[in-house]
Amino acid sequence: DDAKRELAAQRRAEHAAGLQALGAGTAPVHRLGLADGRVAAEQQRLERRLRALLQPGDTVVSTWRLDGHPDHDATGRAAAAACARQGARLLEAPVWMWHWARPAHPAIAWQRLRCLGLQPGECQRKWRALQCHASQLAPRPGAQAVVDDSLQQRARWPFECFFVA
């Protein structure tokens, strides 16, 4: 449908602008065309594609496989499997976990969480990159904003956290 194609094109443009804001505008981007909400159904294909791209010793940053969002979870599982098979290092970034996590939650291996401090310029670039994603920052007809106020507040944290093996 036209609306979905237009949104996909807008998201690709926002992604490119976000990379530019981070200073990574020339980074190679490999798109699989996985539909929003359908990553779990395509998890094996994603894993195969990642394995083809990875070399031993590479570092991969992915969403955390227990994040609580189906696409994030499937992406994290595919990345974990691909990294394990190819000998790459995996850093898993929690995104939605911050909405539901509690200190004693049994699913969270807090001892594996590491936080990386950011310099002020890095924080500014991260914020500018997030602002490039207009289609996710504001509500759309019939839908709430994907990146709500609490996520935007967390984007201002002067650090990023990752689960490490």
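So, R0 is 30 Å and r is the distance between the beta-carbons of Ala101 and Lys4; what FRET efficiency does that work out to, to 0.05? Walk me through the numbers on the way to the answer.
Details: r = 32 Å, r/R0 = 1.06.
Given R0 = 30 Å and the Cβ-Cβ separation, E is 0.40.
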Give me the percent relative contact order of the stretch 1-82, please, defined on Cα pairs under 8 angstrom at least 6 residues apart.
26
Looking at the square roots a ≥ b ≥ c of the eigenvalues of the Cα gyration tensor of the stretch 77-165, which shape do they give, rounded for a/c under 1.5, prolate if a/b is larger than b/c, or oblate?
prolate
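Let a ≥ b ≥ c be the square roots of the eigenvalues of the Cα gyration tensor of the stretch 1-71; is it rounded (a/c under 1.5), or, if not, prolate (a/b larger than b/c) or oblate? Mind showing how you got there, number by number?
Numbers: a/c = 1.73, a/b = 1.11, b/c = 1.56.
Here the stretch 1-71 falls in the oblate category.
Rounded, prolate or oblate for the chain? Axes are the square roots of the Cα gyration tensor eigenvalues, ordered a ≥ b ≥ c, and the cut-off for rounded is a/c under 1.5. Present the calculation step by step, with values, prior to reporting the outcome.
Working: a/c = 1.30, a/b = 1.11, b/c = 1.17.
Because its axes are fairly even, with a/c under 1.5, the chain counts as rounded.
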Which one of Ala21, Val61, Gln43 has its Cα pushed farthest toward the positive end of the charge dipole of the stretch 11-69, where Lys and Arg give +1 and Asp and Glu give -1 at the Cβ?
Gln43
Using Cα pairs closer than 8 Å and at least 6 residues apart in sequence, work out the relative contact order for the chain, in percent.
25
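If the only charges are +1 at each Lys and Arg Cβ and -1 at each Asp and Glu Cβ, what is the size of the charge dipole of the chain around the Cα centre, to the nearest 20 debye?
Working: 23 positive and 16 negative charges, 78 e Å.
That gives the chain a dipole magnitude of about 380 debye.
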Along the stretch 46-62, Karplus-curve 3J(HN,Hα) (6.51, -1.76, 1.60; θ = phi - 60°) to the nearest Hz, with x for Gly and Pro, reads 4, 4, 4, 5, 5, 4, 5, 8, 8, 10, x, x, 5, 10, 10, 10, 9
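Read-outs: derived from the displayed coordinates by stated rules, not from any lab. On a predicted model such as this, the values are computed, not experimentally measured, just so you know. Using ideal geometry, Cβ is built from the backbone for each residue, glycine included, and neighbour counts are taken over all protein chains shown.
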